[in-house]
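The values are calculated or read from the model by the stated rules, or taken from the named source; none is laboratory data. Here the structure is a predicted model, which means the values were calculated and not measured. Glycine also receives a Cβ, built like all others from the backbone with ideal geometry; neighbour counts cover every protein chain displayed. In case anyone asks, the SASA skips ligands and DNA or RNA and just uses the protein heavy atoms, side chains included. Shrake-Rupley method; radii C 1.70, N 1.55, O 1.52, S 1.80 Å.
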Amino acid sequence: MKNLITLFFITTLTIISCSQKKDFGSDISTEEDQIEAGKTLFQNNCSTCHSLDHDGIGPNLSGLTHTTSSSWIKKFIKDPAAVINAGDPRANMLFEKYKVYMPPFPDLEEKELDALLAYLHTFKQLPDTLPLMGIKNPIPDTIPDSGIRIELELYSQLPASEASPPLAKMTKMEAIPASDRLFINDQRIGLYELIDKKPNLYLPIKELKPDLVSSPGWATGMASFTFHPEFKQNGLLYTAHTEPGGTQKADYSYPDSIRYFMQWILREWKAEDPNAGKFKGENREILRVDIPSQAHGMQEITFNPHAKKGDEDYGLLYIGFGDGGLTEQGFAHLSDNKGSDIYSSILRIDPSGNDSPNGNYGIPKTNPFAGMASKAGEVYAYGFRNPNRVFWDPNGNMFATDIGQHNIEELNKIEKGKFYGWPIREGRFIINPYGKFNEIFELKENDESFGVTYPHIQLDHDELAAIIAGYVMPYGPLQGMFVFGDILSGRLFFTDLDDVDNIGVKSWGVIFEGKEISLLELCGGQRVDLKFGQDAEGNVYVMSKTEGKIYKMKG
């Protein structure tokens with residue numbers, strides 16, 4: 001429930017003192033079975049963004065039901081946009097701060113809402129209302145608008161896989177190497193091929209792997225896919241998807257005192273006929289990893305498109321794996337592992353090898369920790385919260401976007417063996433992973449001793465809430481510029497990766513059917529869930545999970 005109750009956060013002592021005079025919570029159950037059911041609901045839906053003992057992505061929820069009416073909380077959970085748009089002062093005050101609509105939960109039954117409130121009501125400490133002790137405005141400069149507007153045309157739409165948004169959970173569009181065949185995923189269903197702009201189901205992964213789950217969370221399900229560079233010859237492709245915790249024994253895990261909420265699974269699929277319009281063939285599991293939440297898992301798998309036969313990188317699979325919510329849940333020491341584990345890392349493996357701990361893949365000998373005792377040989381670089389997109393620029397430089405916690409979004413230039421800061425840094429700022437996550441601090445004089453590699457670009461949450469990488473544009477008014485955006489609001493940006501200091505970051509906009517319009521308006525005005533795609537000819541696309549639509553950027 002991203003930002004759930006964030007908009008309830010009481011920001012002044014005056015509001016709290018007035019609220020305390022009312023008998024809030026007298027209608028909330030104290031039955032143990034309801035409290036336990038509410039705890040499960042909270043862990044499954046809320047705990048990634050919210051805690052009950054410290055601020056996280058959203059505020060500390062302890063004491064909420066003692067300061068806010070049950071009916072108001074339930075109404076907001078059901079349809080937060082309606083409460084905000086109706087002009088509710090409390091909701092609008094925090095909407096101005098967080099700049100994003102929380103997704104609605106209309107399907108939660110009254111008994112589930114009652115249980116959730118019963119659990120929350122066991123926490124009586126009021127939310128911390130003191131001013132932040134850290135930096136209030138880490139990056140005061142605002143991003144200027146370039147004035148550039150690019151025309152979009154509706155290219156395709158995936159079938160709705162659910163009745164309410166997101167209608168189709170697409171995350172990636174990719175062509176088979178050395179082919180014009182174009183594919184896109186729906187996390188709930190599987191892999192589609194776009195033929196004459198129409199989606200044709202190629203790999204029905206939910207049908208083939210019925211343990212797959214795509215909720216809760218916007219990132220769960222079949223989150224990524226990629227084709228082997230020689231797919232046309234060997235028929236190999238790879239997928240990353242989620243299953244419930246405990247489905248099978250994991251290859252990588254943590255102490256059993258921490259819950260096993262979900263598992264990420266990397267699979268290899270071998271098509272009998274690489275030219276066929278629907279997958280038929282074999283598959284095998286390569287890797288299975290436990291995580292304690294639905295967040296920050298295996299969001300990206302990809303091959304280096306510049307690698308040629310004989311190159312070090314050829315045929316090696318890169319995997320972006322976040323901290324799995326470990327830091328948010330109070331186990332920062334597991335994500336702050338200095339390469340001893342695969343969490344919070346970009347991995348590089350050889351799918352054709354067998355010298356991994358489970359024997360299902362190989363550890364490239366040129367990986368920075370290969371063969372080192374007490375290190376995970378798969379790790380290529382580490383210190384990431386949620387490396388959701390890994391890509392290479394036309395010069396062969398490797399980059400990754402990393403979604404931040406409460407303040408900073410990052411674009412990092414990736415180098416082998418480097419540490420990128422999480423969970424002790426957010427951008428070029430100190431964060432205390434054992435304290436309040438919404439506080440960041442200036443670097444200290446001894447900062448070099450920590451060995452952190454800092455972002456190529458950092459932007460704060462005044463501008464965007466969750467970064468997603470696009471592409472270096474091969475055409476149009478932004479030719480040569482790297483385009484990227486904000487997942488939630490759909491705001492669009494660009495820079496020159498080779499000259500960031502001089503070019504800076506600027507925003508750009510779109511025109512649809514002759515009218516200048518924001519992506520947020522184009523997608524219904526609440527949430528875009530922006531992704532980018534590219535076909536074999538270099539055409540770039542913007543995509544929205546909310547409506548399941550794909551738009552082509554015209555030259």
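Measure nothing fancy, just the Cα-based angle from helix 32-45's long axis to the longest principal axis of the chain, in degrees from 0 to 90, nearest 10.
40
Pop the C-beta distance of Thr247 and Ile511 into the FRET formula with R0 = 30 Å and round what comes out to the nearest 0.05.
According to the calculation, E is roughly 0.05.
For a quick check of understanding: with a 1.4 angstrom probe and all protein chains in place, what accessible area in square angstrom does Arg90 have, to the nearest ten?
My reading of the accessible area for Arg90 is about 60 Å².
Residues with amide H under 5 Å of Ile414's amide H, sequence separation 5 or more or different chain, H placed in the peptide plane at 1.01 Å from N; which?
Met398, Phe399, Ala400
Mind giving me the nanometre distance, one decimal, between the label points for Ile503 and Ile195, set 7 Å out from Cα along Cα→Cβ?
Placing both labels 7 Å beyond Cα along the Cβ direction yields 3.9 nm.
To check you understand DSSP bridge types, tell me what percent of the beta bridges within the chain (both residues inside) are antiparallel, rounded to 5.
Values: 94 of 103 bridges.
Roughly 90 percent of the beta bridges in the chain run antiparallel, per DSSP.
Output ³J(HN,Hα) for the range 139-144: one whole-Hz value per residue in order, computed from phi by the Karplus curve 6.51 cos²θ - 1.76 cosθ + 1.60 with θ = phi - 60°, and x for Gly and Pro.
Rounded to whole hertz, the list is 10, x, 5, 9, 7, x.
Relative to the longest principal axis of the chain, what angle (0 to 90°, nearest 10) does the C-alpha long axis of helix 110-120 take?
Once rounded, one gets 80 degrees.
Would you mind computing Rg(Cα) / (2.2 N^0.38 Å) for the range 475-516, counting N as its residues?
On the way: Rg = 11.6 Å, N = 42, 2.2 N^0.38 = 9.1 Å.
It is 1.27.
How big is the range 352-467 by the Kirkwood estimate over distinct Cα pairs, in Å?
Details: mean 1/r = 0.0641 Å⁻¹.
One over the average 1/r among Cα pairs gives 15.6 Å for the range 352-467.
Please list, in chain and number order, the residues 5+ apart from Tyr155 or on another chain whose amide H is under 5 Å from its amide H, with Hs placed from the backbone.
For Tyr155, the qualifying residues are Ile550, Tyr551, Lys552.
Evaluate E = 1/(1 + (r/R0)^6) for Glu36 and Asn432, where r is the Cβ-Cβ distance and R0 equals 35 Å; express this FRET efficiency to the nearest 0.05.
Taking R0 as 35 Å, the efficiency between Glu36 and Asn432 is 0.65.
Between the range 498-555 and the range 153-217, what is the C-alpha centre distance in whole Å?
19
By average Cβ neighbour count within 10 Å, what is the ranking of 247-257, 378-388, 295-305 from highest down?
On the way: 247-257: 13.9, 378-388: 27.2, 295-305: 23.3.
Top of the packing list down: 378-388, 295-305, 247-257.
Using a 1.4 Å probe, how large is the accessible area of Ser71, given in Å² and rounded to the nearest 10?
The accessible area comes out at roughly 80 Å².
Sorted by accessible area (1.4 Å probe), largest first, how do Phe399, Phe24 line up?
The ordering from most to least exposed comes out as Phe24, Phe399.
Using only C-alpha atoms and all pairs of different ones, pull out the Kirkwood radius for the chain in Å with one decimal.
On the way: mean 1/r = 0.0414 Å⁻¹.
The answer is 24.1 Å.
Amide H neighbours of Glu300 under 5 Å, counting only residues 5+ apart in sequence or on other chains, H built in-plane at 1.01 Å?
Under 5 Å from the amide H of Glu300 lie the amide H atoms of Gly320, each far enough along the sequence or on another chain.
Obtain the nm distance between the two label points defined at Ser340 and Thr122 by a simple spin-label model: each point lies 7 Å from its Cα along the Cα-to-C-beta direction.
3.3
What angle do you read, to the nearest 10 degrees and between 0 and 90, between the alpha-carbon axis of helix 89-98 and the longest principal axis of the chain?
Its long axis makes an angle of about 30 degrees.
So if R0 is 22 Å, what FRET efficiency would Glu521 and Ala160 give, r being the distance between their Cβ atoms, rounded to the nearest 0.05?
Working: r = 21 Å, r/R0 = 0.94.
The formula returns an efficiency of 0.60 here.
If you build the Cα gyration tensor of the range 195-237 and take the root of 5 times each eigenvalue, what three semi-axes come out, in whole angstrom, biggest first?
Semi-axis lengths for the range 195-237 are 23, 15, 11 Å.
Under a 1.4 angstrom probe, counting protein chains only, how are Glu207, Glu426 ranked by accessible area, largest first?
Details: Glu207 135, Glu426 5 Å².
Highest to lowest solvent-accessible surface, that is Glu207, Glu426.
From largest accessible area down, sort Trp218, Trp264, Trp72; use a 1.4 Å probe on the protein chains.
Sorted descending by solvent-accessible area, the residues read Trp218, Trp72, Trp264.
Taking every pair of distinct Cα atoms and averaging 1/r, then inverting, what Kirkwood hydrodynamic radius in Å comes out for the range 111-261?
By the Kirkwood definition, the hydrodynamic radius is 20.1 Å.
Per residue of the range 539-555, what does 6.51 cos²θ - 1.76 cosθ + 1.60 with θ = phi - 60° give for ³J(HN,Hα)? Whole Hz please, x for Gly and Pro, Karplus curve as stated.
5, 10, 10, 10, 10, 10, 4, 3, 10, x, 9, 10, 10, 8, 7, 7, x
Compute the convex hull volume of the Cα atoms of the range 433-555, divide it by the residue count, and report the result per residue in Å³ as a whole number.
Cα convex hull per residue, to the nearest whole number: 161 Å³.
Hey, what did the chain get for relative contact order, percent, Cα under 8 Å, at least 6 apart?
Normalised by residue count, the contact order of the chain is 14 percent.
Would you kindly derive the ³J(HN,Hα) couplings of the range 206-213 from the backbone phi angles with the Karplus curve 6.51 cos²θ - 1.76 cosθ + 1.60 (θ = phi - 60°), listing them in order in whole Hz, with x for Gly and Pro?
Those phi angles translate into 5, 5, 7, 10, x, 6, 4, 10 Hz.
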